[in-house]
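Colleague: Shown below is the structure under consideration.
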Amino acid sequence: MNYQLSDKVTVLPGISERYAASFERIGIFTVKDLLTYFPYKYLDTDQKKTIQEILLNPDEEVKYLVQVRIKDFKNQYIRGGRSIQNGLIYDESGEMKVSWFNQPFMARVLAKDSEFLFYGKIKVKGKHTIMHPTIFEEVKEDKEAIHLSRLTPEYRLTSGISKKWLRTKIKFLCDFLDIIDITDEFLKEGLSKDSNKNLIKDVHFPESAKNLDAAVKELSLREFTDIQLKLEEKRSKMKKLKAIPGKKTVDIKKLGKEFIETLPFELTSDQASIIERLMIEVDANKPSNALIQGDVGSGKTIIAITLAYLISKLGYQSVVLAPTTILAKQHFETFTKFLGKKAKCLLVTGTTKDDSDADILIGTTAVLARKEGLVTKPGLVVVDEQHKFGVKQREELLTEYRSLFKEKYYPHFINMTATPIPRTIVQSLFGDVDVYALNSKPKGRLPIKSFLVPDEKKASGYEWIKNEVANGAQVYWVCPLVEESDNLQLKAAKTTYEELKVYFDEFEVELIHGKLKEDKKTDIMNKFSTQKVQILVTTSVIEVGIDVPNASIIVIESAERFGLAQLHQMRGRVGRGEKQSWAFLYTSPEVSDLATDRLNFFCGSNDGLKIAEYDLSLRGPGEVYGVRQSGIPNLKIASFKDMSIIKDSQKTAEALYKKGYRNIELFS
């Protein structure tokens, strides 16, 4: 067939604009998207039973596959416009019934003496009957079975698309589409010689479990190799870049050591090691491109402060970008606290006057809009909570700041994140970045004690919290919504705020959320920071960066609505001082068993990396990190759990890159 992988799905027979609109909801726009929309599981429908075998030992909990002929079929209408469809089916061993409700069109489908495969559960009472078969398919000698008598692919669906219809369209593609293939013998080095077409067909419609396993492994290797080839290209470009030049009169290592000695605390071994490695790169004019990942409260900010100070001594500016104004202001206060008059810090807001003399510019993306008036000699860009910035936005940062240099120097670039990223993802997707991990927390921090609170214990929990607040504790009270919703039966921040004002009437209770004006949010946070407010009712606006050491209790309403990585971020708002801290997770009344298991796992661990790996195994990277924001691709078939395939892909990509290849067709 003369179709291109890049063609819109509407070029295919039977796919109208209406179906295309349904496809768009699950990310299918092109022929390639449909072809690589792989099954999420398979039904083993290959074990046929005769009617006699079923009648001898019927089990209402088991789904049976039978191959039979139609002896008779009747369509009976009953009250209320409803209908019942009954068919009599037979094979060489006997006969039994098959039934549907409200499916009158079946009379046109099940012609007398036609041969069908039926797959469904048996009703034992009365005459044995296959009730409303979940899958059925006509048997034709010249046509391969698509839906039954095989490993049957199951796809995630959306409204307007049925399982049978989708299988039929994908089978058409697998049989008739000419797929761009890996034909070059050099390109096959490190990969199998199987064609893309055969591998994809073996994933959608495998002849055996062995074929399926082999096809998944090979396509996973090709998908990861394609990613690694792009990383090889990034690494190659980085090697050609020059960093900002040093000064013969400035001893970076000596200055760094002297600054660290002025700090009112001792650095952890991880902090000291990372600072030392970054100082070496600065001293050697090698552009840093680093991701510093450290659990909440592990002390990432002091690394940025130290590096920004050293950059200022070389005569260059640092730009620190935060995802929210609250966090930007907090960074400004922290930088100013530790640097004093050693470097000039400037908080950039919409009303900040141009000041190109500032050594360190701190703000949100407002800094980008004002860069010509503020940034004259950028030497360092720090992006805090890097997953909160769009992928394209982050990549443009370096290009934009580098363009300000007439000499075309490359500023050092540091990403910081408290969202733990599993090792497999780091190795497969950050191969062009130096990844530094802060595994230890500052001295004196106690592990946070976390509890999943059942409904019957909430009242006593309120009383316990009241006693703690009376003894000086402060509380974050997090809700998933700002206001009540007719569609979602969840605790809303405004309603909770009104309730808590009554219950905790002897204390100051405040409400903060993303819809408030910035000056109002700042005022409330200042009151909370100075302990004028004891209980802060909030949405997930406090997820990132808020640092109030005296806050020791966090209550999270409808906790099942949050991902584990997000819960871990929110829990990290407490436990930042030396006193014991607590996290209480409240759930909605109709919480599922799966959600309860997730939350119990969360309560049993303070290890962000283990939590992230567990979350990743349940939900995938797209949901955990947000594909669009994090830069982590939503893999078509590969899995971040398979470390051996990731390692093989790195070796394969390195060899292919040297031979001039930059992508593998199908996954590019």
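The values are calculated or read from the model by the stated rules, or taken from the named source; none is laboratory data. Since the model is a prediction, treat every value here as computed from it, not as a measurement. Note that we place each Cβ from the backbone using ideal geometry, even for glycine, and neighbour counts take in every protein chain shown. These accessible areas exclude ligands, DNA and RNA; they are computed on the full protein's heavy atoms, side chains included. Shrake-Rupley method; radii C 1.70, N 1.55, O 1.52, S 1.80 Å.
Colleague: Sort all Cα-Cα distances of region 228-272 into consecutive 5 angstrom bins from zero, then give the percent of pairs in each bin up to the one containing the longest distance.
Modeller: It works out to 5, 15, 13, 12, 10, 16, 15, 10, 3, 0, in whole percents.
Colleague: Right, something else. What does the C-alpha gyration tensor say about the overall shape of region 205-287? Classify as rounded when a/c is under 1.5, otherwise prolate if a/b is larger than b/c, or oblate. Don't skip to the end; give the middle numbers.
Modeller: Values: a/c = 8.31, a/b = 2.37, b/c = 3.50.
Oblate, because a/c is 1.5 or more while a/b does not exceed b/c.
Colleague: Counting only protein heavy atoms and a 1.4 Å probe, tell me what percentage of region 172-280's accessible area is made up of carbon and sulfur.
Modeller: Using a 1.4 Å probe with all protein chains present, region 172-280 comes out at 53 percent carbon and sulfur.
Colleague: Out of residues 5 or more away from Val348 or on other chains, whose amide H comes under 5 Å of its own, with H placed 1.01 Å from N in the peptide plane?
Modeller: Excluding prolines and chain starts, which carry no amide H, the hits are Ile362, Gly363.
Colleague: Something else about it: As I understand it, the dipole of the chain uses +1 on the Cβ of Lys and Arg and -1 on the Cβ of Asp and Glu, about the Cα centre. Which of Phe101, Ile182, Tyr37 lies farthest toward its positive end?
Modeller: My answer, from the dipole projection, is Ile182.
Colleague: Let me ask something else about it. Give me the accessible area per residue for the chain, probe 1.4 Å, as a whole number in Å².
Modeller: Working: 32040 Å² over 668 residues.
The answer is 48 Å² per residue.
Colleague: Just to be sure I understand, if you calculate Rg/Rh (Cα atoms, Kirkwood Rh) for this structure, which of (i) 1.12; (ii) 1.00; (iii) 1.05 do you get?
Modeller: Structure-derived value, by its label: (iii).
Colleague: Considering the dipole of the chain built from charges on the beta carbon (Lys and Arg +1, Asp and Glu -1) around the Cα centre, which of Tyr614, Ile89, Ala437 is farthest to its positive end?
Modeller: Ala437
Colleague: Between Lys651 and Ser159, what is 0.36 nm times their sequence separation minus the Cα-Cα distance? Round to one decimal in nm. Mind dumping the intermediate values first?
Modeller: Values: separation 492, 0.36 × 492 = 177.12 nm, distance 4.23 nm.
Computed gain between Lys651 and Ser159 is 172.9 nm.
Colleague: Can I ask one more? With a point put 7 Å past each Cα toward its Cβ, work out how far Lys494 is from Lys532 in nm, to one decimal.
Modeller: Each label point lies 7 Å from its Cα, and together they span 2.5 nm.
Colleague: Let me ask something additional. Could you list, in their original order, any pairs among Lys253/Lys341; Lys458/Lys579; Lys240/Lys658; Lys610/Lys651 whose Cα atoms are separated by more than 18 Å? Intermediate results must be reported in sequence, preceding the final value.
Modeller: Numbers: Lys253/Lys341 20 Å; Lys458/Lys579 23 Å; Lys240/Lys658 16 Å; Lys610/Lys651 27 Å.
Pairs exceeding 18 Å: Lys253/Lys341; Lys458/Lys579; Lys610/Lys651.
Colleague: Hey, can you grab everything whose amide H is under 5 Å from the amide H of Leu481? Only 5+ residues off in sequence or another chain; H modelled, so Pro and N-termini drop out.
Modeller: Ala493
Colleague: May I ask you to derive the FRET efficiency for Ser592 and Thr349 from their Cβ-Cβ distance with R0 = 51 Å, giving the value to the nearest 0.05? Intermediate values should be presented prior to the final figure.
Modeller: Working: r = 44 Å, r/R0 = 0.86.
E(calc), rounded to 0.05, equals 0.70.
Colleague: So what is the calculated 222 nm ellipticity per residue for the chain, using -39500 (n - 2.57) for each DSSP H run with n of 4 or more, over all residues, to the nearest 500 deg cm²/dmol?
Modeller: Only helices count here, giving -11000 deg cm²/dmol.
Colleague: Further question: Pull out the extension gain between Asp505 and Ala284, defined as 0.36 nm times the separation in residues minus the alpha carbon to alpha carbon distance; nm, one decimal. Kindly include the intermediate steps, with their values, before the conclusion.
Modeller: Working: separation 221, 0.36 × 221 = 79.56 nm, distance 6.02 nm.
Here the segment from Asp505 to Ala284 would lengthen by 73.5 nm.
Colleague: Moving on to the next point. Compute the angle between helix 209-239 and the longest alpha-carbon principal axis of the chain, please, reported from 0 to 90 degrees and rounded to the nearest 10.
Modeller: 30 degrees
Colleague: If you take the charge dipole of the chain about its Cα centre, with +1 on Lys and Arg Cβ and -1 on Asp and Glu Cβ, which of Phe584, Gln317, Val478 is farthest toward its positive end?
Modeller: Gln317
Colleague: Ignoring any ligand, DNA or RNA, what whole percent of the accessible area of region 296-374 comes from carbon and sulfur when the probe is 1.4 angstrom? The partial results should precede the final answer.
Modeller: Values: 1430 of 2830 Å².
The computed percentage sits at 50.
Colleague: How much of the accessible area of region 88-158, probe 1.4 Å, is carbon plus sulfur, in whole percent?
Modeller: Details: 1870 of 3720 Å².
Result for region 88-158: 50 percent of the exposed heavy-atom area is carbon or sulfur.
Colleague: Could you check the simple spin-label distance between Lys579 and Asp72, using points 7 Å along Cα→Cβ, in nm with one decimal?
Modeller: 8.2 nm
Colleague: A further question on this structure: Report, by chain and number, residues whose modeled amide H sits under 5 Å from the one on Val383, excluding near sequence neighbours (fewer than 5 apart, same chain).
Modeller: For Val383, whose amide H was placed from the backbone, the distant partners under 5 Å are Leu321, Ile414, Asn415, Met416.
Colleague: Kindly express, to the nearest 10 degrees and within the range 0 to 90, the angle between helix 252-261's C-alpha long axis and the longest C-alpha principal axis of the chain.
Modeller: 80 degrees
Colleague: Treating the beta-carbon of each Lys and Arg as +1 and of each Asp and Glu as -1, no other charges, what is the dipole magnitude of the chain about its Cα centre, to the nearest 20 debye? Walk me through the numbers on the way to the answer.
Modeller: On the way: 100 positive and 92 negative charges, 236 e Å.
With only Lys, Arg, Asp and Glu charged at Cβ, the dipole is about 1140 debye.
Colleague: Are there trypsin sites (Lys or Arg not before Pro) in region 286-389 that DSSP marks as loop and that have at most 16 other Cβ atoms within 10 Å, and which are they? It would help to have the intermediate numbers written out before the result.
Modeller: Numbers: sites: Lys300, Lys313, Lys329, Lys337, Lys341, Lys342, Lys344, Lys353, Arg370, Lys371, Lys388; in loops: Lys300, Lys341, Lys342, Lys344, Lys353, Arg370.
Passing sites in region 286-389 are Lys341, Lys342, Lys344, Lys353.
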